[in-house]
Amino acid sequence: MPEAGVLFVGEYPALSASLARVLKSLGCECRYANSRQEASAAIERRNFRIVLSKAKLADGNPRALIPAMRAASGWLFLSFPVEDGCWWIPVMENGELCLEAVALRSRDFSKSLLRIVNGILPPPEAEKETSALRMEAPRRAAYATGSY
């Protein structure tokens, strides 16, 4: 599996499908889990470096994923729906708790997520070919997270 495995947790298919297309174009492997229990099992089976979860899950608090993400030295973001999209709260960064993190609007979250992905993906083999994709990615990610 690529270093940039991304797990979407919760039921928000339109958002996750749009964002997954952008992440896949950058070389990420994206998976989905509908519940906290499914997410825990998926994280144990594979080393997901990034988990994007709804803040409220039907079967429990997504903060229960913290120990697994700490072991994976990963990032955990929780999304909170708001009137004009959603806000994202960083909970973990590189396996460490983000104790004083501020909520990120969709556009800022998109930029942060792309910096994370670019930092953990191996350098591209065809630099010229992928640099155009990486330059276009922030605009596509912002659109995918609802901040167009």
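All of the numbers you see were taken from the coordinates with simple rules; none came from a lab. Keep in mind the model is a prediction, meaning the values are calculated, not measured. Please note: Cβ atoms are built from the backbone with ideal geometry, for glycine as well, and neighbour counts cover all protein chains shown.
Quick notes on this structure:
- The stretch 66-98: GluC sites (Glu not before Pro) in DSSP coil with no more than 13 other Cβ atoms inside 10 Å: GLU83
- Distribution of pairwise C-alpha distances over the stretch 21-122, 5 Å bins, in %: 2, 12, 23, 26, 23, 11, 2, 0
- With R₀ fixed at 22 Å, the C-beta to C-beta distance from ALA64 to LYS24 puts the FRET efficiency at about 0.20.
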